[in-house]
Structure formats: C-alpha cells, structure tokens
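Some notes on the structure that comes next.
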Amino acid sequence: MLRLAIQKSGRLSEDSLKLIRECGISFITSSLKLKTESTNFPLEILYLRDDDIPGYVADGVADIGIVGQNVLVEEGKQALTVEKLGFSKCRLSLAVPKSDQYESVQDLNGKNIATSYPNLLQAYLNEQGVEAHIHTISGSVEIAPSIGLAEAICDIVSSGSTLISNGLKEVERVFKSEAVLIANDTLSEEKRRILDKLLFRIQAVQRAQK
Ligand code: PRT
Ligand code: ZN
C-alpha cells in the first residue's frame, strides 16, 4: 500500500482529489477524516497542511505527496519532485505601493520586505545583487506596507486582484509555481511498482487533457 499526502483543505485539495479520481482510483472522503483507503487501488490518502507535506514525504511518513513548488523549494526539498501536475499555477512576486516610483529591483536596496517565503526571496535578491531586510510573517502579507511594517512585499499572486485591492503593484516575478507530485527517495520495490502504475495513469490523464 502506497501512502499519498494531499492538502486537507485549501487551493490544492480539490484538484488533487480530482486527479486521483480521474486515474480511476475510488475512495470515500469525509471532511472529518484524516485518512482514507482506496477501494480499488493500493493507495491510502492522508490529509495534511500543505507546509507539512514535503517534510512528511522526506521522512517517509508518507511515500508520495502533492504540493506547490513554492512550498517545496522554500523548504529546500525540490529533489523529491517526480512529475509536474499542471494545476494550482501561480507566481511569487514582489510588489510595492501603487503610487511608488519604481524603476528596477535595485530600488529595493536597504528596504524592508515582508514575505512568507524568506528563502526563495533571499535567493532571488542574491542573484540580483540586492541587499534588503526580509521580515518573515506567516500570513496577511499584503497589508504589511499599509501598516508600516515594510516598504515592499513578496507574495503569491494568481489573478493579481488581491494586490490591486490592497493598493499594490506587481514589480518583479521571483518564482513560477505549479502543483507537483513528490516521492520519498528510498521507496521499497513494491511501493515503487505502485508509484509507477499511478504515474502511468497520471500521464494518461494529462495526455487526454491536451
Ligand atoms: O492550510 P494550509 O497550510 O494547508 O494552506 P495554505 O493557506 O498555506 O495554502 P493555500 O490553500 O492558500 O494554497 C496552497 C497552494 O496553492 C500554494 O502553496 C500555491 O502553490 C497555490 N496557489 C495558487 C496559491 C494561489 N494560487 C493564490 N492565489 N496560493 C495562495 N494564493 C493566495 C495568495 O497568498 C494571495 O493571498 O491568494 C492571494 C492572491 O490571489 P489573487 O488571485 O488575488 O492574485
Ligand atoms: Zn500552508
């Protein structure tokens, strides 16, 4: 039996469950349950916070998982990636107040930037040769400039409407993300065979959608 970790409730949940169902794998879900077993495939599903998924897969508590590349790379676990899944696409971007004069990323030198992705942001700033102060906060990043916590933010954007409604403009794209399938790198031969079967079905689903 292979253990798959998916997000319990959030932007990845619905499409993760949909993909598994499209692979012909049946299971009964209940919002109260923390795990469920498939009735027709050797798969057990664990429902977790997305941030915990890379760690659980790396430690072998779960064998495989579905998570956003933003979380995976922030946690330094990109080596676990097996397959890109094409949903939950978004980007990590820098944004500043709409009324600010902004010419280039060099304008961020010496500034305070609020983010939940300090590692991805630091890597980007190093690449660009910018020295800024990173303030790590766990949520509501978009309000940081208006409360005087930071002059800029670095946050996940998809439609861009959250930035606009907070009086901010997107100025740099730091990282592009989509959902990926990840796997523990020391799976038993038997689990590896089940994963290969699952991957074969996922690829068939993806081909059919093109
Ligand atoms: O509770 P748990 O920890 O599991 O969930 P979470 O709240 O940390 O994550 P969740 O469900 O918000 O997002 C899960 C994953 O979905 C992220 O890690 C991304 O890979 C992906 N994703 C795709 C997004 C978005 N689109 C997105 N728009 N994650 C977050 N957002 C947020 C963003 O933070 C901002 O507040 O939506 C807002 C911006 O959206 P727009 O459309 O207004 O630009
Ligand atoms: Zn999370």
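The values are calculated or read from the model by the stated rules, or taken from the named source; none is laboratory data. Here the structure is a predicted model, which means the values were calculated and not measured. Here Cβ is always computed from backbone atoms with ideal geometry, including for glycine, and neighbour counts include all displayed protein chains.
What to note about this one:
So that you can scan it fast, the table gives a plain yes or no per residue for (1) farther than 22 Å from L121 by Cβ; (2) over 21 Å from the mean Cα position of the chain (by Cα):
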residue	(1), (2)
L4	yes, no
S30	yes, yes
L46	yes, no
G68	no, no
K77	no, no
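- Test: residue in segment 106-118 that is under 18 Å from L181 (Cβ atoms) and out of contact with any Pro (no Cβ under 8 Å at 6 or more places or on another chain): no
- Residue check, V67 away from ligand 2 (no atom under 12 Å from the Cβ) and surrounded by 13 or more Cβ atoms within 10 Å (Cβ to Cβ): no
- Filtering G139, G160 for residues that are within 19 Å of the chain's Cα centre (by Cα), under 30 Å from I45 (Cα atoms) and surrounded by fewer than 18 Cβ atoms within 10 Å (Cβ to Cβ) leaves a single hit, G139.
- Conditions (1) within 14 Å of ligand 1 (Cβ to nearest atom); (2) touching a Pro at 6+ places or on another chain (Cβ under 7 Å); (3) assigned by TED's automatic domain parsing to the domain that holds V171: number failed by A95: (2)
- Considering only residues in segment 27-61 that are within 16 Å of ligand 2 (Cβ to nearest atom) and touching a residue at least 60 places away in the same chain (Cβ under 8 Å), the one that is surrounded by the most Cβ atoms within 10 Å (Cβ to Cβ) turns out to be I53.
- Scope segment 108-120; condition of a type outside the set (K, R) and either surrounded by fewer than 17 Cβ atoms within 10 Å (Cβ to Cβ) or over 21 Å from I143 (Cα atoms) (or both); matching residues: N109, G110, P118, N119
- Of the helices (runs of 4 or more DSSP H) lying entirely inside segment 116-210, those containing at least 3 residues that are in contact with a helix residue (DSSP H, G or I) (Cβ under 7 Å, 6 or more places away or on another chain) are 118-128.
- Taking the criterion of being hydrophobic (A, V, I, L, M, F, W, C) and either touching a Phe, Trp or Tyr at 6+ places or on another chain (Cβ under 7 Å) or closer than 27 Å to N126 by Cα (or both), the residues of segment 157-190 that qualify are V157, L163, L168, V171, V174, F175, A179, V180.
- Options G148, G110, G160, G167; residue that is in contact (Cβ under 8 Å) with a residue 40 or more places away in the chain and on the phi > 0 side of the Ramachandran plot: G167
- Scope segment 56-101; condition under 16 Å from C154 (Cβ atoms) and among the hydroxyl-bearing types (S, T, Y); matching residues: S93
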